[in-house]
Structures are given as C-alpha cells and as structure tokens.
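Below is one structure; the comments refer to it alone.
Read the figures in this text as sums done on the coordinates, not as results from a lab. Everything numeric in this text was worked out from a predicted model, so none of it was measured. Cβ placement follows ideal geometry from the backbone for every residue including glycine, while neighbour counts extend to all protein chains displayed.
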Amino acid sequence: MKSVKTYSWFQAEVTQTVIKMFKSADQSAYFVGGCIRNSLMGVPVTDLDISTPMRPEAVMKLAKSAGFKAIPTGIEHGTITVIAGGEPFEITTFRRDVATDGRRAVVAFSDSLEEDACRRDFTMNALYVDLDGVVLDPLGGMADLRARKVRFIGVPQDRIREDYLRILRFFRFHATYGDADAGLDADALAGCAENLDGLSGLSKERVGSEIIKLLSARDPSASIGGMEMTGVLQAILPGASGRSFYPYVSQEFHIDPMARLAALGGEDAGPLLKLSRKQSVRLAKFKDAMGHGRSVYEIAFVEGADMALCIAALRAAVFEQPLQTDVREQILTASKQVFPVRAQDLMPEYTGAELGEALKTLQHAWLASGFALTKAKLMQILETKST
C-alpha cells in the first residue's frame, strides 16, 4: 500500500508531535481528505484534518494532557481543533449520518472507518493515512484519483440529497482536480440534474463561495458546460450562459474570477452570490466596460493593467473578435505612463476646485490623444481656454 511517510507535511515536527500524542495513548487516528488527495496529486497541502474513533471529550483531554490547546469548535458534531506548535489540526470523531435535510446532517459517532468514509462526498476524498504514513483506501478512491475522476460515493442522488451544495462542489472539484479530456461523470451529472430544486434552499454565502472557487480554477470551461447542460447554471445565475465565457477563458491573460463571472452574464450576481463589496464593485466595472466606454489604454492608466487586460479579452469575446496581437504590450505600456502635468504647474493661477477641474480637463485631453500630448501642448490648451 502506498505511503506518504516521505511527504514534507507528514515529516514536519508539528505533525509528528500530534502523531506522538495519539501513539503515546495507544489510540488510533487517521489523516483524511484534502491533505491526502492533494499530496497524491502533487497539489499544495493547506489543511490537516484527522479522523479518529476517539470521542471528542477524550480528544480534548488527550490534547490538554499533551500540552496543546483544544478548542471545541464543533464538539456537537465531533470536531475539536487542536493547536500544536501554532498550527491548527481539526480532529473529528468517526461519524455516520442519522438524518439529513439537504443542508445539515444529524450524525451519530461511530467506531468504524468504513462508516466514516461512506458519509463523505467523493471517492477521492475518502482516502486515509494512518499514524505510520500508510494510505488506506476503503472505497476505491485511489483509482479515481489516479484517473482524475470526480465520482460520488455510492449513489449520487443519495449523496446530493444529504447536502445539495455537493452539486456545486462536484463541478468545482472537476474544474480543480478532474481530467477535462475525459469529461464529467455521467451518473453524477444525472444526479445533479435530478436535484436542481435543492439548490434554492442553500444559503447565498455557501453558493457564492463555491462559485468563486470554481471560477478560480485554471480552466473551468468543462464544468461550466456541465452546469449549463444540467440546468445548474440557470438555477443559480438566471440568464447566465457560456456563450461569451468559453471564448473569454480561451484568450484571457490571467485568472480573475470576477471577470469570468462578468463573461457569464445574467442577472446581477452580487446579491445572488452574496459577493463582498469589493467583489461587487470589480464585477460592475467589468460589466460596464464590456460593450462600450473608455479605451483599454485609458483603463490601463486609470485602473491598472490587470483590469485593462481582462476588459480587452471580455470585449473580444462579447463581439466575437480576435484580440489584437500587440494588445498586451500596449496595455502594459499604457499602465506605466506618467501624466506630464502636476498641480504645482498650474498654481497659483488655479486653486481649489478650479485647479482640480483644470487637471481633469488636461488629463482627459492627454488620454484622448493616446498619451501623445506633451506638457507644453497641454499648457497651451489652458492658455487657449483662458483667452
């Protein structure tokens, strides 16, 4: 069986102290989920989650006796956060579902790793590593992980009805970990299509978080296509479509989830996805600039190269036109331009509001000229106006 014993996160001193905590008490525990999946796929590991048959109260007592801070972050669901060496470890008792309503589950504690595995969402998330670094694969997730196949555990409809957010997680996981060339799992797609009504009961914050993560993946085009085909996209973003999205992603200069969201179109996503104020403002700028307005070179000077590059690609996608071959270089050049007139150059003739208005007039003329007007030419504009 494969081992992760040589992986840096497993060898880390802080991880070994937590392992020693369980071993010294002759207790079993298993690293589970994302840290195993990401390790085996060569993706950075960010969180270390642990499952154990120990009950949460016993975990808290063990952690405190080892000198660690133990926080009952979700003790009613069996989760304790143990702080060791400044690092958090979420330690959760094995569980099995007793009842679910599509948003939250009533769970019972279990002594079985297999029962714990069966309540998870995808097979690639049901991989465990014991305290010696040996990978345990109770549900055949290793084969799916090697094939980069995102597959629900058991019957997709059953897993989805336990938590309807799993519909969006399926598409997000495919965009992040799946094999785009192999396509999306047919059974999973059918399960998603059959349970669209469940999406309406989810909180907008949870939906928004999943969509932003999906749109942050390297290429979410296949997932967006699957969402369109099953009706999921329309269910969460009425009026959205992939018509401009696919060409935009194919020619974008860098990943910006708000620009990708603008390319999807549809109704105002701000309230639908509970976007932050910063996200909403950025999305509005993209949508406002997609079909008209200032040149991308003016935008580059005022808003920065990143936004201008996104808008150039958005406009090309919307109007179904190719990008200019040198647009990137021109935008980068425009973003580095320096307005040649300073406030001091206009004083004392201009002060207060008049000074601000004069600078605004000159900058508008300078931008309209494509940065060509010199300081002398700009000053002549004011002289002409004053005579």
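For the pair region 1-58 and region 215-256, the centres of their Cα atoms are 35 angstrom apart. Which entries in K64/K274; K278/K336; K287/K385; K149/K213; K336/K360 show an alpha-carbon gap greater than 27 Å? Those over the limit are K64/K274; K287/K385.
When only C-alpha pairs under 8 Å and at least 6 residues apart count, what is the relative contact order of region 66-214, in percent? Walk me through the numbers on the way to the answer.
Details: 222 pairs, mean separation 24.6, N = 149.
After rounding, I find 16 percent.
List the relative contact order of the chain as a percent without decimals, with contacts defined as Cα pairs under 8 Å and 6+ residues apart.
Value for the chain: 9 percent.
Using only Cα atoms, find the angle between the long axis of helix 56-65 and the longest principal axis of the chain, and express it within 0 to 90 degrees, rounded to the nearest 10. For 56-65 against the chain, the angle is about 80 degrees.
Ranked by how many other Cβ atoms sit within 10 Å of their own Cβ, fewest first, the residues W366, W9 fall in the order W9, W366.
Do any trypsin sites (Lys or Arg not before Pro) in region 332-383 lie in a loop, going by DSSP, with at most 11 other beta-carbon atoms within 10 Å of their beta carbon, and if so which?
Values: sites: K336, R342, K360, K375, K377; in loops: K336, R342.
In loop regions of region 332-383 (DSSP not H, G, I, E or B), the sparsely surrounded trypsin sites (Lys or Arg not before Pro) are K336, R342.
Residue exposure proxy: C310, C118, C35, ordered by other Cβ atoms within 10 angstrom of their Cβ from fewest to most, comes out as C118, C35, C310. For S276 and S250, what does the FRET efficiency come to when R0 = 30 Å and r is the distance between their Cβ atoms, rounded to the nearest 0.05? About 0.60, to the nearest 0.05.
Amide H contacts under 5 Å for S3: V135, restricted to partners 5 or more places along the chain or on a different chain, H placed in the peptide plane at 1.01 Å from N. To the nearest 10 degrees, how steep is helix 375-386 against the longest Cα principal axis of the chain, on a 0 to 90 scale? Approximately 60 degrees, to the nearest 10. Remark: region 303-317, residue by residue, has Karplus-estimated 3J(HN,Hα) of 9, x, 5, 4, 5, 5, 5, 5, 5, 4, 5, 5, 4, 4, 5 Hz, where x stands for each Gly or Pro and the curve is 6.51 cos²θ - 1.76 cosθ + 1.60 at θ = phi - 60°.
When the alpha carbon coordinates of region 150-236 are projected onto the principal axes, the ranges are 31, 27, 20 Å, largest first. Take the Cα of A143, step 7 Å toward its Cβ, do the same at T361, and the gap between the two points is 7.7 nm. Taking Cα atoms only, the orientation of helix 204-215 departs from the longest principal axis of the chain by about 80 degrees. Remark: the chain is approximated by an ellipsoid whose semi-axes, taken from the C-alpha gyration tensor as √(5λ), come to 52, 26, 19 Å, largest first. Rounded to the nearest 20, the size of the Cβ-charge dipole of the chain about its Cα centre is 540 debye, with Lys and Arg at +1 and Asp and Glu at -1.
Annotation: the residues E357, E228, E76, sorted from fewest to most other C-beta atoms within 10 Å of their own C-beta, follow the order E76, E357, E228. Of A25, I50, V4, whose Cα points farthest to the positive end of the dipole of region 1-147 (charges on the beta-carbon: +1 Lys, Arg; -1 Asp, Glu; origin at the Cα centre)? Value computed over the given set: A25. Taking amide hydrogens as placed 1.01 Å from N in the peptide plane, the amide H of A84 sits under 5 Å from those of F89, each at least 5 positions away in sequence or on another chain.
Hey, quick one: spin label on K204, modelled 7 Å out along Cα-Cβ, who in region 164-181 has an amide N within reach, i.e. under 17 Å? It comes to no residues whatsoever. Only helices enter this figure: runs of n ≥ 4 DSSP H residues, each worth -39500 (n - 2.57), summed and divided by the residues of the chain, yield -14500 deg cm²/dmol at 222 nm to the nearest 500.
Each principal axis of region 112-204 carries a Cα extent, and these read 44, 33, 23 Å when sorted largest first.
Efficiency by 1/(1 + (r/R0)^6): what FRET value for V302 and Q234, r their Cβ-Cβ distance, R0 = 35 Å, to the nearest 0.05?
Working: r = 35 Å, r/R0 = 1.00.
Here the calculated transfer efficiency is 0.50.
Extension gain, D47-S8: 0.36 nm per intervening residue step, less the Cα-Cα distance, totals 12.7 nm. Summed over all non-identical Cα pairs, the Kirkwood treatment of region 257-386 gives a radius of 16.6 Å. Considering only beta bridges that DSSP places wholly inside the chain, some 85 percent are antiparallel.
Remark: region 23-39, residue by residue, has Karplus-estimated 3J(HN,Hα) of 5, 5, 9, 6, 10, 9, 7, 9, 6, 8, x, x, 5, 6, 4, 5, 4 Hz, where x stands for each Gly or Pro and the curve is 6.51 cos²θ - 1.76 cosθ + 1.60 at θ = phi - 60°. When restricted to Cα atoms, region 203-316 yields an Rg and a Dmax of 13.5, 42 Å, respectively.
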